[in-house]
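Enquirer: Below you'll find the structure I mean.
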Amino acid sequence: MADNKIDESIDKASNGAKDLIDKASEESKKLAKGAKKGLEKGENELTKWWGQLKDWVEGATSSVVNLTTDAASKTVEATKATVSRVMVELHNPVVAVNALLGTGALLAWLHGYAEHQRRYLKGKSDKAILATVGGITALVVADGFVSYKYYKQFDKK
């Protein structure tokens, strides 16, 4: 008798475990179906947002490329026009001499500044400084006068 009760208890426990496993299996199948639906819905939303992001990036990139291309094109055209104008003007001897004098004066000034900096004026009297500034001013005024007087005479346009 005791063996029968043990066998019955084992059978009951076995059937209970089997029922529990069956219920767990059914619940896990329901959970898997729900998870699959959730993943599909999430994938659809992600695909939708990804498409919108892709369209926005393509539009922004296209706009930037167009603006850059337009700016480069305008810069090239302006540079061509400026170079062409400079080449025409350099045929005038007055302009050519002014360009050489201006370039030389700028280079001399930069060289003097780089070599001497503050020491350049150290030890010079006020008269020497004023004479130097006055001489440079006289040369600029004379250059302006000569350029004004002879520019039209040599203009080849």
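The values are calculated or read from the model by the stated rules, or taken from the named source; none is laboratory data. Predicted model, so just to flag it, every value in this text is computed and none were measured. For neighbour counting, all protein chains shown are included, and Cβ atoms are generated from backbone atoms with ideal geometry for every residue, glycine included. Surface accessibility is based on the protein's heavy atoms, side chains included, excluding ligands, DNA and RNA. Shrake-Rupley method; radii C 1.70, N 1.55, O 1.52, S 1.80 Å.
Enquirer: Tell me, please, whether a residue that is part of a loop (DSSP other than H, G, I, E, B) and either open to solvent by 70 Å² or more (accessible area, probe 1.4 Å) or in contact (Cβ under 8 Å) with a residue 60 or more places away in the chain (or both) can be found in the range 1-16.
Expert: yes
Enquirer: If you don't mind, another one. Go through (1) open to solvent by less than 60 Å² (accessible area, probe 1.4 Å); (2) within 30 Å of TYR150 (Cα to Cα); (3) free of Cβ contacts under 8 Å to residues at least 60 places away in the same chain for GLY42 and report which single condition fails.
Expert: (2)
Enquirer: Restricting the range 110-127 to residues that are modelled with pLDDT of 75 or more and open to solvent by 80 Å² or more (accessible area, probe 1.4 Å), which is farthest from the chain's Cα centre (by Cα)?
Expert: In this case the residue turns out to be LYS127.
Enquirer: Is at least one residue of the range 73-80 of a type in the set (A, V, I, L, M), farther than 30 Å from TYR151 by Cα and in a helix (DSSP H, G or I)?
Expert: Checked against the condition, which is being of a type in the set (A, V, I, L, M), farther than 30 Å from TYR151 by Cα and in a helix (DSSP H, G or I), the range 73-80 yields no hits at all.
Enquirer: Moving to a separate point now. Of all residues in the range 81-103, which are in contact with a Ser or Thr (Cβ under 7 Å, 6 or more places away or on another chain) and either not in a helix (DSSP H, G or I) or not polar (S, T, N, Q) (or both)?
Expert: VAL94, the sole residue that qualifies.
Enquirer: So which residues in the range 133-157 are of a type in the set (Ser, Thr, Tyr) and modelled with pLDDT of 80 or more?
Expert: THR137, SER147, TYR148, TYR150
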